[in-house]
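Asker: Quick one: structure below, then a few questions.
Rule-based calculations on the coordinates, nothing more; no lab input. The structure displayed is predicted, hence computed values, not measured ones. Cβ: placed from backbone, ideal geometry, glycine included. Neighbour counts: every protein chain shown.
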Amino acid sequence: MHFEPGSGLNALFIVFAAVFLLDGIKHVGASIALKAYTPGVITATLLEIPYGIYTFIAS
């Protein structure tokens, strides 16, 4: 699907990507703070954070 710049769908997509990225950062931060494995840290490291960064670079 292609979003036109300035459309409402594009802005909504960016918001969802930001939430996705922040959730990944939260999982990694919790693991660092607790100095232990926390659920979701592998998914956050391999999927959420790279995809969130890619989304912001590409948009």
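Asker: So what is the calculated 222 nm ellipticity per residue for the chain, using -39500 (n - 2.57) for each DSSP H run with n of 4 or more, over all residues, to the nearest 500 deg cm²/dmol? Walk me through the intermediate numbers first.
Answerer: Details: 2 runs with 37 residues, N = 59.
Using -39500 (n - 2.57) per qualifying helix, the result is -21500 deg cm²/dmol.
Asker: Mind pulling the angle between the C-alpha long axis of helix 8-34 and the longest principal axis of the chain? Nearest 10 degrees, somewhere in 0 to 90.
Answerer: Roughly 10 degrees, rounded to the nearest 10.
Asker: So how far apart, in nm, are the two label points at THR38 and LEU9 if each is 7 Å from Cα heading toward Cβ?
Answerer: Result for the modelled spin labels: 3.5 nm.
Asker: Continuing with the same structure: Please list, short to long, the whole-number percent of alpha-carbon pairs of the chain in consecutive 10 angstrom bins beginning at zero.
Answerer: 24, 43, 23, 9, 1
Asker: Here's another thing I want to ask about it. Report the relative contact order of the chain, percent, no decimals, based on alpha-carbon pairs under 8 angstrom and at least 6 residues apart.
Answerer: Details: 40 pairs, mean separation 21.8, N = 59.
Computed value for the chain: 37 percent relative contact order.
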